[in-house]
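Below is one structure, written out as structure tokens, with a few remarks after it.
The values are calculated or read from the model by the stated rules, or taken from the named source; none is laboratory data. Since the model is a prediction, treat every value here as computed from it, not as a measurement. Every residue, glycine as well, gets a Cβ built from its backbone with ideal geometry; the counts of neighbours run over all protein chains shown.
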Amino acid sequence: MNSKKQSVAVITGGNSGIGRSIAEAFVHQGSQVVIVGRNQETLAATSEALGSDTVWYQGDVSKSSEVATFVEKIVQKFPKIDVLINAAGFMHTITTTMPLSEAENLWDEVLNVNLKGSFLTSVAIAPYLARPGGRIINISSIGSFTGGSRAGGLAYASSKAGVNGLTYALARELSSQGITVNAIAPGFIQNTGFTGAWPEQIVQDIVKQIPVGRAGETSDIADTVLFLSSPKASFITGEILNVNGGWLFGR
């Protein structure tokens with residue numbers, strides 16, 4: 001990013017969970033933040049809470065027409081973008097015991113947002129990224145390597161493994177243009193839409209497996225995003241960075 005001007009960061013899924021924490025981190029460092037999501041109410045509330053350097057646009061990242069519309073609106077206001085963070089994502093529980101038609105419908109919903117959404121948004125915004133210095137940062141998951149910590153992660157783990165492959169392919173194409181592309185694979189991050197309702201016993205059982213001895217916080221991911229978006233990370237591209245307290249490493 002160009003430190004001589006106010007950088008512009010676009011964050012999909014920036015109205016909740018990890019995405020919102022990332023948005024807060026960029027605001028605190030003085031960036032102009034654009035958050036995108038499907039829920040107009042939470043988008044407006046998040047933007048108001050974060051202050052005047054935050055604007056929001058409603059859109060479903062799984063639909064190319066809506067991606068094209070919100071990207072057009074963004075670049076009308078901010079012709080050059082410094083950072084894109086693809087954080088929009090969710091999980092449906094899918095197992096092999098489900099009826100095939102139900103499993104297929106849930107699979108499509110997850111893959112369309114988590115993987116296709118990252119693809120569509122990246123392709124739509126890439127022409128407007130700073131050259132040199134632009135960044136794309138995808139939010140993957142530890143589940144892309146493990147398949148999840150329990151049954152039910154068929155679609156989620158597959159979508160995040162796809163995000164890893166997308167990261168590699170984008171890095172191969174864009175790095176020569178001065179745009180780095182990386183992904184972050186969080187481990188257990190507490191108090192998010194994924195984990196906030198998990199029973200305390202499950203949380204404690206997971207924490208016992210984490211070498212650093214604590215659950216992750218959304219700020220752990222946000223701080224990593226800030227590093228990867230900074231000039232200090234200009235020689236890092238095509239990397240899947242594990243941020244999981246040592247729960248899984250060596251990948």
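None of Ile22, Ile11 is in contact with a Ser or Thr (Cβ under 9 Å, 6 or more places away or on another chain), within 15 Å of Ala222 (Cβ to Cβ) and crowded, with 22+ Cβ neighbours inside 10 Å except Ile22.
Free of Cβ contacts under 8 Å to residues at least 40 places away in the same chain and either crowded, with 20+ Cβ neighbours inside 10 Å or not hydrophobic (A, V, I, L, M, F, W, C) (or both), is that true of Gln177? When the stated conditions are applied, Gln177 does not pass them. Name the residue that is surrounded by the fewest Cβ atoms within 10 Å (Cβ to Cβ), counting only residues in the stretch 51-67 that are touching a Gly at 6+ places or on another chain (Cβ under 9 Å) and closer than 22 Å to Lys5 by Cβ. So the residue we want is Asp53. Restricting the stretch 145-159 to residues that are touching a residue at least 60 places away in the same chain (Cβ under 8 Å) and under 17 Å from the mean Cα position of the chain (by Cα) leaves a set whose member that is nearest to Ile240 (Cα to Cα) is Phe145.
Selection within the stretch 123-156: residues that are in a strand (DSSP E or B) and β-branched (Val, Ile, Thr). The member of this set that is farthest from Thr192 (Cα to Cα) is Ile136.
A count restricted to the stretch 157-172 and to residues that are out of contact with any helix residue (DSSP H, G or I) (no Cβ under 6 Å at 6 or more places or on another chain) and either under 15 Å from Glu109 (Cα atoms) or outside any helix (DSSP H, G or I) (or both) stands at 1. Of all residue pairs spaced 6 or more apart or on separate chains, those with beta-carbon atoms under 8 Å, a first member in the stretch 227-251 that is more than 14 Å from Gly178 (Cβ to Cβ) and a second member that is charged (D, E, K, R) and at pLDDT below 95 are Ile240/Arg251; Asn242/Arg251; Gly245/Arg214. Scanning the stretch 8-35 for residues being in contact with a helix residue (DSSP H, G or I) (Cβ under 8 Å, 6 or more places away or on another chain) and in contact (Cβ under 8 Å) with a residue 60 or more places away in the chain gives a total of 16.
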